[in-house]
Amino acid sequence: MTYLDPSEYQNYGLDPLTSDAWIAAASAIIESYCRRPSLGVQQYTERLRVTPDRNSVQLSYLPLAIVAPATLPFVSGRARYAMARRGEAPEAYFIPGASPGVPAPLAYDVALAFALPGSWTTLDVTTLDYFSDTGEVTFPYSILGLAYNEVEITYNAGLAAIPAAVKFACAQIVQNAQATPALNVRSAALQGMRLDYFADSLIDSNVQRLLEPYVSRRIA
């Protein structure tokens, strides 16, 4: 996907005769820097560990997007319980007044049953609470007070319309490339003459600030 249309070149400071190949290269650099296949709407599947004492996770690709006719960004989800480690078990596991470490039979048995390796529970995605801009997803607790240990969510995320910030970033990368005789070369020697280039990357600090909201939180 390219992030500038030829009709927009001049509006973003580029020569109207700029080769489309420059734009394609800059767009590929943006996707590589953001660690995602496209900034447009894509479907992703993530398996995430749930931090003890928290009943939420943060998805890696933002913003979450709703693809019509759906009304939620989630396509499907599943989760599984796991036996809590020492000090992490919820109060529902223990008999009130009993010696520390004595589990309540019902909750403990349920935890054992649903914590079997490979045992997953299908999530009703309509019960999930989420915030599109941050990617935070919160899950409901079970009636026994058991929290999830691991979740797997398939969801849509990306930009339905490419914002000006991404277009400016694309144009800036092209300008940086055109202004750098040898890309990403700090210095070189040619028959005793030393050549120095002051930019160490086409993704300069301005471009980084423009693209910051769209960088994947997962290191791929």
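Brief remarks follow.
- Spin-label pair T122-T71: with each label point 7 Å from Cα along the Cα-Cβ axis, the two points sit 2.0 nm from one another.
- Among T121, T127, a tally of other beta-carbon atoms within 10 Å of each Cβ gives an order, fewest to most, of T127, T121.
Every read-out reported here was derived from the displayed coordinates using simple, explicitly stated rules and does not represent laboratory data. Owing to the predicted nature of the structure, the values given are computational and were not obtained by experimental measurement. Every residue, glycine among them, receives a Cβ derived from its backbone with ideal geometry; neighbour counts consider all protein chains shown.
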